[in-house]
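A short write-up of the structure that comes next.
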Amino acid sequence: MHEDQNTKLLAALKQKPMTAVEIWMELGIARASARVHDLRNQGFNIASTPITVPNRDGDDCRVAQYRLTDQQRTLLPELPGRGVMAA
């Protein structure tokens with residue numbers, strides 16, 4: 001099931017940047033951050049930029065906007081501890 005959502009989200013991010021609410025409303029994916037995490041682990045470069053949007057009461061609210069930074073995959077995804085030299 002997650003693979004279908006990952007494929008759907010990747011196709012959408014190739015078209016435009018999206019917030020979690022847009023991903024939920026347009027694609028029906030409730031856990032956008034989890035799917036972005038999956039795609040990053042598969043080597044896709046997805047940036048998250050904080051943006052300000054109005055909430056339902058008209059107050060400013062900061063959310064993440066996800067965008068695919070390029071069409072190429074990273075061969076070695078960023079993993080915790082990567083790039084740290086052992087002593």
Amide hydrogen neighbours beyond the local backbone of GLN65, cut-off 5 Å, H modeled: THR49, ILE51
Per residue, the convex hull volume that the Cα atoms of segment 2-73 enclose (Å³): 80
Nonlocal amide H pairs with ASN45, under 5 Å, H built at 1.01 Å: THR69, ASP70, THR74
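Only the coordinates and a few stated rules stand behind these numbers; no lab work does. Keep in mind that this is a model prediction, so the values were computed, not measured.
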